[in-house]
Each structure stands twice: as C-alpha cells, then as structure tokens.
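This report concerns only the one structure given below.
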Amino acid sequence: MQHPGACLLLRNIYQISAFAAENRRRQWYIGVKHTKKFSAPANRRELISKTGLICVEKSYEKVVDYVQKQILDGVCRTGDKLPSEREMAQQLNVSRTSVREGLRILEQMGALYCQQGSGNYITGNFESTLIRVMTLMFAVEGTTYREISEFRYALESQALSLAVHHATEEQIEEMEYHMSILETSMEENIRSRHDKKIHYLVAEASHNNYLIVNFLALTQVMDQYVKDMRVRILSDAKNREGLMQTHKDLIKAVRDKDIRLGHDALDRHYIYIYQYLDS
C-alpha cells in the first residue's frame, strides 16, 4: 500500500495542475469568444456545434480521483499499467478528451509516465514536481533563504541520525572517495560537485525515500536561488579549512556510528551558511 504522504503530495500538486488546466480553458474560450465570427454559445451543446470541440469541464477530476484511489487502495503499484483511455472513459462515463487531460495532469505530477505505443504506467518520480512546488512556494509565499536552509538542515539532521545506523560499507567508501577529490582538486566546479555528492550520500544512507526525495528537491531549489553561496563562503581561507573539517567529521561520524560527532559537524557546517545568509 502506498504511504499516505505520497497521496497528500498528489492532492496538493493536483490542485496546482488543475488550476493551470482550468486557466488554459478560460484563455481558449476568451480567445475564441473575441474572434469576429464567434458569438457566445448559449449552452454546452451549442459550443460543441460552433467549434467542433468537446468541452472538458471538470470531468478530468474523475480520472485523477480514480487513479489516486487505485494507488491508495493498493490496487495500482509502481510499474503497473493503467487501463486504456477507452476503458477508463467507459468506466468513468467521461469523454476520452477528459481522460487524456486527467492523465496529462497525473504525468505532470510525477504519478505516471506515458510510453508511446504502449500505455500509461504508475511511477513515483516526484522529485521534479517537488522542485516546481517548492519554487512556487518560495516565490508566492515570500519564503526566505534562511527558512529554506533551516528546512534542509532539519532533513539532513534526521538523515544523518538514520545514516549512522543504516549506511553500508559501499556508501561510506563512496563518501570517502568524494572527500579525497574535495581535498585535492583545484577546480571549484569539481569541488562543488563532490561536496554535494557527500551530502547526498548521507541522505541516501538514511534509506528513507521521502527524506531523500525532499532533500534532493530542496537542494536544487537552493542551488537555483543561492547560486554563489559556496563561492562566497569559501572566499575566506578560515571558512575553507573549517568546512573541509566538517565534511571529514561528517564522514567519520557515519563510519564510527558517532551520532554526536555527526550532529556537531552538521551544526558547524550550517553556521557558515547562516552567517552568509544573515550578512
């Protein structure tokens, strides 16, 4: 059975996608209405006869609700193929246009993917959708850089608490490999890439998919809006030495299962970020 958190995410993203779909239809109607040869239709049937197009209205919501219920009830799981458009249209008593609109919204949400010539399949690719939602929240709600950083810290702190117990030897060795590149490389773009990889591996070592997906999305939002943060922090030699040590301690904490050392390293790491954001 799917985790209820995934379905809550589906509902939230669906509301955004549905609003966008409704807005497109309004724009189309306004555009047609103001052409010279078009008079406003008296009803839906007249609209169809005048334009030759089917009015989708909100019947696509039945499609979204249907697929969501299938996931919630455990009927559909990742990789499962959905019924054909024709079958869904007959089952839900909606037009195939409505089915396509509903499927398109679900695809935008990351709940399914369309394989040309094969059909529609359930997936769980919510990372890109989370990035869009978080970016909208950032812009619309006036979220501050510090709030985003604090949220990321909360996620990474919990990921670390799990990683010290669940990290595999392979994951720890990969962290140590990226640390060696971070220490020896002279190119900032290379160091930055390996720095991020260490933090991702800590999140991955939590073996909690919800933490991992949210952490990745949040990191990309931060990269989008705080592009020069790392470069500016490292412009100070003391900061460079301090941040290098925090990464070493972070990896050592995971290897030694020393949660206190790990959280101390993470706290020191975020102090540099907060100092930059508050300056």
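Each row is one residue, and each column tells you yes or no for (1) in contact with a Cys (Cβ under 7 Å, 6 or more places away or on another chain); (2) small (G, A, S); (3) not assigned by TED's automatic domain parsing to the domain that holds Y210.
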{"position": "K62", "(1), (2), (3)": "no, no, yes"}
{"position": "S84", "(1), (2), (3)": "no, yes, yes"}
{"position": "E101", "(1), (2), (3)": "no, no, yes"}
{"position": "C114", "(1), (2), (3)": "no, no, yes"}
{"position": "N120", "(1), (2), (3)": "yes, no, yes"}
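Can we say E150 is crowded, with 17+ Cβ neighbours inside 10 Å, within 18 Å of H263 (Cα to Cα) and out of contact with any Leu (no Cβ under 6 Å at 6 or more places or on another chain)? It is false that E150 is crowded, with 17+ Cβ neighbours inside 10 Å, within 18 Å of H263 (Cα to Cα) and out of contact with any Leu (no Cβ under 6 Å at 6 or more places or on another chain).
Got at least one residue in segment 186-203 being within 23 Å of M137 (Cβ to Cβ), in contact (Cβ under 8 Å) with a residue 40 or more places away in the chain and either part of a helix (DSSP H, G or I) or not charged (D, E, K, R) (or both)? Among the residues of segment 186-203, at least one is within 23 Å of M137 (Cβ to Cβ), in contact (Cβ under 8 Å) with a residue 40 or more places away in the chain and either part of a helix (DSSP H, G or I) or not charged (D, E, K, R) (or both), which makes the answer yes.
State whether the residues of segment 217-225 include one that is more than 17 Å from E127 (Cα to Cα) and surrounded by fewer than 17 Cβ atoms within 10 Å (Cβ to Cβ).
The answer is yes; a qualifying residue exists.
Is there a residue being in the same structural domain as K248 (by TED's automatic domain parsing) and crowded, with 18+ Cβ neighbours inside 10 Å anywhere in segment 183-192?
The answer is yes; a qualifying residue exists.
Would you confirm whether any residue within segment 52-60 is loosely packed, with under 14 Cβ neighbours inside 10 Å and either modelled with pLDDT of 90 or more or assigned to a helix (DSSP H, G or I) (or both)? So far as segment 52-60 goes, no, none of its residues is loosely packed, with under 14 Cβ neighbours inside 10 Å and either modelled with pLDDT of 90 or more or assigned to a helix (DSSP H, G or I) (or both). Among the residues of segment 232-239, is any out of contact with any Cys (no Cβ under 7 Å at 6 or more places or on another chain), of a type in the set (S, T, Y) and within 23 Å of L130 (Cα to Cα)? There is no residue in segment 232-239 that is out of contact with any Cys (no Cβ under 7 Å at 6 or more places or on another chain), of a type in the set (S, T, Y) and within 23 Å of L130 (Cα to Cα).
Pick from segment 83-112 the residues that are within 15 Å of K69 (Cα to Cα) and over 23 Å from the mean Cα position of the chain (by Cα): which of them is surrounded by the most Cβ atoms within 10 Å (Cβ to Cβ)? So the residue we want is M88. From the list G262, G242, the one residue that fits, being small (G, A, S) and closer than 30 Å to F126 by Cα, is G262. Pairs are defined by a Cβ separation below 6 Å, a sequence spacing of at least 6 or placement on different chains, a first member in segment 242-253 that is surrounded by fewer than 20 Cβ atoms within 10 Å (Cβ to Cβ), and a second member that is part of a helix (DSSP H, G or I) and among the basic types (K, R); the pairs so defined are T246/R268.
The values are calculated or read from the model by the stated rules, or taken from the named source; none is laboratory data. Predicted model, so just to flag it, every value in this text is computed and none were measured. In this analysis, Cβ positions are derived from the backbone assuming ideal geometry, glycine residues included, and neighbour counts consider all displayed protein chains.
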